Amino acid sequence: MTAVKIIKVLGTSTESWEDAAAEALAQANESVENISGIEVEDWTANVEDGRITEYKTTVEVAFPVHHQH
């Protein structure tokens with residue numbers, strides 16, 4: 001049986017929510033090994049003058065828990 005740990009990561013982009021999710025995954029990959037999946041939890045944005053200026057995506061990142069012996 002494998003235990004899985006889940007963390008939340010916020011990604012940002014000036015282009016799209018999809019790019020923000022990809023950025024969250026890229027940042028998580030810097031410090032987390034063996035990511036097995038992500039789930040988009042929330043989509044938000046900053047708005048100025050009636051236009052979206054920054055897309056934000058909160059994702060849950062799942063990865064296996066490794067037991068040290």
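Structure above, values below:
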read-out	value
The chain, relative contact order in percent, only Cα pairs under 8 angstrom and at least six apart counted	44
Extended-chain gain in nm, criterion 0.36 nm per residue less alpha-carbon gap, V32 and A3	8.9 nm
Entry for Rg/Rh (Cα atoms, Kirkwood Rh) (calculated from the structure that is shown) out of [x] 0.91; [y] 1.01; [z] 1.12	[z]
Which of T44, T2 has the fewest Cβ neighbours within 10 Å, and the rest in rising order	T2, T44
Pairwise FRET efficiency - V65 versus E18, Cβ, R0 = 30 Å, nearest 0.05	0.55
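Rule-based calculations on the coordinates, nothing more; no lab input. Note that this is a predicted model, so its numbers are computed, not measured. Glycine gets a Cβ as well: all are built from the backbone with ideal geometry, and neighbour counts include every protein chain shown.
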